[in-house]
Amino acid sequence: QVQLVESGGGLVQAGGSLRLSCVASGNIKSIRAMGWYRQGPGNSRELVAAFTSGGSTNYADSVKGRFTISRLNAKNTVYLQMNSLESEDIGIYYCNADILGYGSSYWNDYWGQGTQVTVSS
């Protein structure tokens with residue numbers, strides 16, 4: 001089995017910064033794509049930032065210039081550095097990864113349990 005575990009969420013003042021981490025563990029042969037999504041109050045889950053299967057990065061327009069996604073492939077870890085946080089950034093941030101396990105021919109989509117980000121004004 002595979003687990004994605006997020007950390008780093010919390011309460012921060014508007015204009016402040018947080019750094020989220022996500023570690024994937026378990027039966028992992030390869031990770032094709034990995035990134036961050038969020039769900040704000042009353043909203044559907046949306047892409048924040050992600051590494052695509054081709055290795056490029058995608059960012060939501062609302063976070064461009066403020067958030068940076070990075071990764072440590074050897075440790076199956078992805079980070080999200082969030083600067084200049086705004087009230088619109090409030091939500092639960094979920095890690096997502098597309099993973100191929102040993103002994104499997106299929107890529108599977110996995111989600112973490114989420115970490116709360118709250119921004120006070």
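The values are calculated or read from the model by the stated rules, or taken from the named source; none is laboratory data. Remember, predicted model here, so these are calculated numbers, not experimental data. Heads up, the Cβs are rebuilt from the backbone with ideal geometry, glycines too, and the neighbour counts pull from every protein chain shown. To get the accessible areas, we keep the full protein, side chains included, count just its heavy atoms, and leave off ligands, DNA and RNA. Shrake-Rupley method; radii C 1.70, N 1.55, O 1.52, S 1.80 Å.
If you wrap region 48-98 in the convex hull of its Cα atoms and look at it from every side, the mean projected area works out to 3.9 nm². Counting charges near Gln39 (Lys, Arg +1; Asp, Glu -1) among other residues having Cβ under 10 Å from its Cβ returns a value of +1. Dividing the convex hull volume of the alpha carbon atoms of the chain by its residue count gives 93 Å³ per residue.
Computed with every protein chain present, the accessible area of Glu86 is close to 80 Å² [probe 1.4 Å]. Heavy-atom accessible area for Tyr79, with the other protein chains in place and a 1.4 Å probe, reaches approximately 50 Å². Annotation: amide H-H contacts under 5 Å for Gly114 (H modelled 1.01 Å from N, sequence separation of 5 or more, or interchain): Glu6, Cys95.
The residues Arg19, Arg71, sorted by heavy-atom accessible surface at 1.4 Å with ligands and nucleic acids left out, run Arg19, Arg71 from largest to smallest. Scattering from the C-alpha atoms of region 5-60 alone, worked out with Debye: what is log10 I(q)/I(0) at q = 0.12, 0.15, 0.26 1/Å? Each listed q maps to, in turn, -0.38, -0.59, -1.24.
Rounded to the nearest whole Hz, the Karplus-based 3J(HN,Hα) values (6.51 cos²θ - 1.76 cosθ + 1.60, θ = phi - 60°) of region 2-17 follow the sequence 10, 10, 10, 10, 9, 7, x, x, x, 9, 9, 6, 3, x, x, 10, with x at glycine and proline.
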